[in-house]
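Heads up, the thing below is written out as structure tokens.
Nothing in this text is a laboratory measurement; each read-out follows from the coordinates by a stated rule. Keep in mind that this is a model prediction, so the values were computed, not measured. Glycine also receives a Cβ, built like all others from the backbone with ideal geometry; neighbour counts cover every protein chain displayed.
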């Protein structure tokens, strides 16, 4: 690999993604990136998967240049993302999900904003393919509750397709509460850390662009043990916690 840092680092967290890997998501990512006119690298950050995800990724990456596979102690999605960021060398870092609900080709919509912004996030809108009615309703309630208390000008904080200038991401991630409080981890811990991350970014004066992207619920991984009600409660608690932290001056 050239000693010169790439323009873009793509970080994909991974926890029990066997089913998604077997449907060829990494092939789609590589096919797109290899057509780009800029230098890039791909970082798969494994969160101590208990299925055969590690082996599947290792097999796929054989002979692939500009690709790294990280083995991390289980901590949940934020920790896997942070580990990928620590490895990243790109001027920009894109965080995207292994299921490719927002496909990698949507990066083309974000790239024009890189010259004028520090953070560029994908926005799913409310017309989401394969999204059950109860989740649409919950998302609507979450959106309005969150915008009432935090980030009123951002429509979608939870889309897993976000690009940061590397310096901005390195400045913001250590400040997240999830890394300062020790809790026991069960399964694939997601939480609403995105809300705090974007709130801190706005508070720090970073320029944030929100760009509409395609999103479809195509996640077929069965090993992440998601609990919709539990995640929803955690997300509402996260919003309240961030708001209270701000009122207490903890982010000043």
Near-label residues of the stretch 151-168 by backbone N, under 16 Å of a point 7 Å along Cα→Cβ of residue 39: 166
Net lengthening on full extension, residue 108/residue 252 (0.36 nm per residue, minus Cα-Cα): 48.3 nm
Antiparallel %, DSSP beta bridges [both residues in the stretch 8-247], to 5: 25 percent
10 °C / 1.306 mPa s Stokes-Einstein diffusion coefficient of the stretch 55-110, Kirkwood radius on C-alpha pairs, µm²/s: 120 µm²/s
GNM result for the chain, Cα springs below 10 Å: residue of 230, 109, 87 fluctuating most strongly: 230
Spin-label zone in the stretch 141-162 - amide nitrogen under 19 Å from a point set 7 Å from the Cα of residue 209 along the C-beta vector: 153-162
Principal semi-axes in Å for the stretch 11-125 [√(5λ), Cα gyration tensor, largest first]: 23, 16, 14
Simple spin-label estimate for residue 233 and residue 153 in nanometres, 7 Å along Cα-Cβ: 3.6 nm
Radius of gyration and Dmax over the Cα atoms of the stretch 8-247, both given in Å: 16.9, 52
Label-point separation in nm, residue 59 to residue 3, each point 7 Å along Cα→Cβ: 3.8 nm
Relative contact order for the chain, counting Cα pairs under 8 Å that sit 6 or more residues apart, in percent: 26 percent
Compactness index (Cα Rg / 2.2 N^0.38 Å), the stretch 50-179: 1.18
